[in-house]
Structure formats: structure tokens, C-alpha cells
1. Considering every residue within segment 126-145, establish whether at least one is closer than 22 Å to PRO51 by Cβ and over 15 Å from the mean Cα position of the chain (by Cα).
2. Going by the structure shown, is TYR109 outside any loop (DSSP other than H, G, I, E, B), at pLDDT 90 or above and of a type outside the set (S, T, N, Q)?
3. For segment 38-60, give me the residue count where each residue is surrounded by fewer than 16 Cβ atoms within 10 Å (Cβ to Cβ) and either of a type in the set (Val, Ile, Thr) or modelled with pLDDT under 95 (or both).
4. Tell me which residues, restricted to segment 39-89, are touching an Asp or Glu at 6+ places or on another chain (Cβ under 8 Å), assigned to a strand (DSSP E or B) and among the charged types (D, E, K, R).
5. Of the residues ILE98, ILE92, which is modelled with pLDDT under 85, surrounded by 15 or more Cβ atoms within 10 Å (Cβ to Cβ) and part of a loop (DSSP other than H, G, I, E, B)?
6. In segment 69-87, how many residues are under 16 Å from the mean Cα position of the chain (by Cα) and buried (at least 18 other Cβ atoms within 10 Å of the Cβ)?
7. Run down VAL66, VAL29 and say which single residue is surrounded by 15 or more Cβ atoms within 10 Å (Cβ to Cβ), touching a Phe, Trp or Tyr at 6+ places or on another chain (Cβ under 8 Å), of a type in the set (Val, Ile, Thr) and at pLDDT below 95.
8. Against the conditions (1) crowded, with 20+ Cβ neighbours inside 10 Å; (2) at pLDDT 85 or above; (3) in a helix (DSSP H, G or I), where does ALA9 fall short? Just the number, please.
Amino acid sequence: MRFLPLLFALTLSLYAVPKEINSFNGKFVQTIIDDNGKKIIYNGELWASKPQNALWMYQKPIKKSVYINGQKITVIEPSIEQVTLRMLDDEIDFLQIIQKAKKVDDEKYSATVKGQTYTVMFKNDILNSISYTDGFENRVSIHFINPAQNKAIEANRFKPIIPEDFDVIKDR
């Protein structure tokens, strides 16, 4: 669950853009490098739409789906047949990140929220990558592959389907 703050930050970063983004979809490669140089790479796909809907589908090295619907988070982990339900507290303030994002150059934006600085990169006005150093001093970068912005995404994509035989854990 250590990478959940990353997911929130990434979802939030979709709103600090050079032009209006109402929806986003793209495959991603997420790289996390710890302070000892150890690297872990995740692959998956992201769907996001306003106001606050996101689905992070991790495919490698593990399968995991993270649904963010407003203030509700649902994490489905098939490998351990478990679902975690929790509320998004005031740890991340969507509006604060949006309001603080500043243009650095034509392709680079930066936002600092609660001491955390996020770098958001664009290519041809399309979200390309997001990077930051997390609270554990891990360097995190997410690179998007074949991203699409402002394309219709069906609302039911953001509704988690919880298998009946999975354990459900309510966190907070």
C-alpha cells in the first residue's frame, strides 16, 4: 500500500496542465528507485476523468486495480484475494495542487503541496510523465505511453467489481 500516495499524487497531477484535461487514458511505466539505488518497475494502464475518478490497473510485476471515486478508494488484489476500502483523507488536496502548479517552461510544470514537489512534463500539450521524490526518499517517475486526453470514458469503468469470495478490509 506504500505506493498509494503516489497514485493519489499522479491522479491529482492530471489537473495541473497547460490546457484543460477532462479525461486521460494511457499505458504507464512507473519506476521507483530507493535511496540505495534499488529499482522496481510497474507497468499498467490509467484511466481518469473529472471530477475525481481514476482507475490504475497494475499489470506487472503484480496485478492490482486501484479505483479512486471522489473520496473513496478501492484496491483489488487478485493474487491475495483481497479488497481494501478506504477514504481519501485530507492527505492530498486536489484543489491545492491545481492552484499551485506553475509553468516552468513549454513542457514542464511544477507544484509544491504540503512540502512535496511534483514535476509534470508534457509533449505537444499531452501529459507525458510525472516525477517526484516521496516521503521515503524514493525517486518516483511515471512515463505514459500512447496517452489520450479528452476522449470519452464510460462512467462504469470507474465502478469496482468486487468478487464475492475476496476478503474485504475497511481501512479507516
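The values are calculated or read from the model by the stated rules, or taken from the named source; none is laboratory data. Keep in mind the model is a prediction, meaning the values are calculated, not measured. Here the Cβ is made from the backbone with ideal geometry for all residues, glycine too, and neighbour counts use every protein chain on show.
1. Yes, because at least one residue in segment 126-145 is closer than 22 Å to PRO51 by Cβ and over 15 Å from the mean Cα position of the chain (by Cα).
2. Here the answer is no, as TYR109 does not meet what is asked.
3. Narrowing segment 38-60 to residues surrounded by fewer than 16 Cβ atoms within 10 Å (Cβ to Cβ): 38-41, 43, 50-51, 59-60.
Right, trim to either of a type in the set (Val, Ile, Thr) or modelled with pLDDT under 95 (or both) and you get 40-41, 50-51.
Residues that pass the stated criteria total 4.
4. LYS64, ARG86
5. ILE92
6. 4
7. On the way: VAL29 fails: at pLDDT below 95.
Going through VAL66, VAL29 in turn, the sole match is VAL66.
8. (2)
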